[in-house]
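K.L.:
One structure follows; several queries about it will come next.
The values are calculated or read from the model by the stated rules, or taken from the named source; none is laboratory data. Since the structure is predicted, the reported quantities are computational estimates derived from the model, not experimental observations. Ideal geometry is used to build each Cβ from the backbone, glycine not excepted, and the neighbour counts take in all protein chains shown.
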């Protein structure tokens, strides 16, 4: 059985760990509220932009002169996956769940005989996929130096995606991230970026039912909106990821703090039993020595 000094050392070590996990939980909780508000505030803008694009693109989907970001390249051979994860760990299964969805999507694409290229936004995604798909990873964009994700950061990623598309490096692009639902729930999500997904919609109308007319024409507006939409959707995905990361980290650190408390209680009980055993042994030795005299 370990000595009392060993037990005390272990208890002190676990207590120090519990202080760290508790502090990390409080930091994550303080940052979660702001990140959650930012993610929720960005959703209406992204959804409205998608609705406007869908309305404009209703009659241009089959038009050969439509922007390439809307109708694609005419091929479906190379798929780009923008994998958005966190740069840091200690957030439970947050990054693992995103990487799992990415693996499933990659395997489905490869089974169809198509090529996959991966753009990692976040270090943890690269770390989890590099063993299997190292040759497919183009580069990794990290935000470890950024305290708060801004639209400029997302626009830089969007420009990289658009540059690859203009160079003919891929035919379609998909972003995989984790959509924030609640502190306990983050949902891995797959969203198409290029070609822009267009759902069947009625023509845009005003409050009185009048149909909107656009000036300049739909093609010119789409040529300006579609590149911006790529950055907007990436920005929304990054904000969702940040909120999900802090929610997962707060939950993970709370669990770690509770587990550390359980370990301390168990070690304390074992230490008390060891001390009682030592006291009992010493008493037996004293009584035995006295009786021998």
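K.L.:
For the condition in contact with a strand residue (DSSP E or B) (Cβ under 7 Å, 6 or more places away or on another chain) and either within 30 Å of residue 193 (Cα to Cα) or part of a helix (DSSP H, G or I) (or both), what is the one hit in 229, 259, 241?
P.N.:
241
K.L.:
Whether any residue in region 88-96 is in the same structural domain as residue 193 (by TED's automatic domain parsing), surrounded by 18 or more Cβ atoms within 10 Å (Cβ to Cβ) and in a helix (DSSP H, G or I) is what I want to check.
P.N.:
yes
K.L.:
Here is a follow-up. Let me confirm something: among 29, 57, 41, 51, which residue is under 16 Å from residue 244 (Cβ atoms) and either in contact with a strand residue (DSSP E or B) (Cβ under 8 Å, 6 or more places away or on another chain) or touching a residue at least 12 places away in the same chain (Cβ under 8 Å) (or both)?
P.N.:
The unique qualifying residue is 29.
K.L.:
Something else: Might you let me know whether region 171-180 holds any residue that is surrounded by fewer than 17 Cβ atoms within 10 Å (Cβ to Cβ), assigned by TED's automatic domain parsing to the domain that holds residue 78 and either free of Cβ contacts under 8 Å to residues at least 12 places away in the same chain or in contact with a helix residue (DSSP H, G or I) (Cβ under 9 Å, 6 or more places away or on another chain) (or both)?
P.N.:
There is no residue in region 171-180 that is surrounded by fewer than 17 Cβ atoms within 10 Å (Cβ to Cβ), assigned by TED's automatic domain parsing to the domain that holds residue 78 and either free of Cβ contacts under 8 Å to residues at least 12 places away in the same chain or in contact with a helix residue (DSSP H, G or I) (Cβ under 9 Å, 6 or more places away or on another chain) (or both).
K.L.:
A follow-up question, please. May I ask you to list the residues in region 1-46 that are buried (at least 16 other Cβ atoms within 10 Å of the Cβ) and more than 30 Å from the chain's Cα centre (by Cα)?
P.N.:
7, 10, 11
Quick grid of which residues meet (1) farther than 15 Å from residue 174 by Cβ; (2) within 11 Å of the chain's Cα centre (by Cα):
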| position | (1), (2) |
| --- | --- |
| 72 | no, no |
| 76 | no, no |
| 79 | no, no |
| 86 | yes, yes |
| 90 | yes, no |
| 105 | no, no |
| 118 | no, no |
| 121 | no, yes |
| 133 | no, no |
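K.L.:
While we're here: What tally of residues in region 153-170 results from selecting those that are under 18 Å from residue 235 (Cβ atoms) and free of Cβ contacts under 8 Å to residues at least 12 places away in the same chain?
P.N.:
Qualifying residue count for the region: 1.
K.L.:
Also, I was wondering about something else. Looking at residue 76 and the list (1) outside any strand (DSSP E or B); (2) modelled with pLDDT of 85 or more, which single condition is not satisfied?
P.N.:
The number of the failed condition is (2).
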